[in-house]
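To start, the structure under review is shown below, and the notes come after it.
What follows is calculated from the coordinates using simple rules that are stated; it is not laboratory data. Worth saying up front: this structure is predicted, and the values here are computed from it rather than measured. When we count neighbours, we look across all protein chains shown, and the Cβ atoms used for this are built from the backbone with ideal geometry, even at glycine.
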Amino acid sequence: MSADNPETPASVNIGAISYRARCTEAGCKNLGRLLMIYADAGGRPISHPVICHKHARMKMARNRAAGLKVSDDREGS
């Protein structure tokens, strides 16, 4: 990860949502349950997709493998 590119995520914060939304992954019709807030090296948010549990597991594994700092703020996790 390079700090030179401000659009390169350095961390992701995962939290539960309290509203109804659909998963933003292409073609997914599941109910979105989690909000993943991607931030750059300075802590500024880049994107915040709402995703279902299935896509969350895949994205969390991919983000950890890519070296991103993953913070899970869900209650009871």
Subset of the stretch 25-48 [under 15 Å from M60 (Cβ atoms), touching a residue at least 24 places away in the same chain (Cβ under 8 Å) and in a loop (DSSP other than H, G, I, E, B)]
E25
For the stretch 29-77, how many residues are within 12 Å of A10 (Cα to Cα), of a type outside the set (A, V, I, L, M, F, W, C) and surrounded by 15 or more Cβ atoms within 10 Å (Cβ to Cβ)?
3
Please specify each residue of the stretch 9-63 satisfying the condition of being small (G, A, S) and under 14 Å from D73 (Cα atoms).
S11, G15, A16, S18, A56
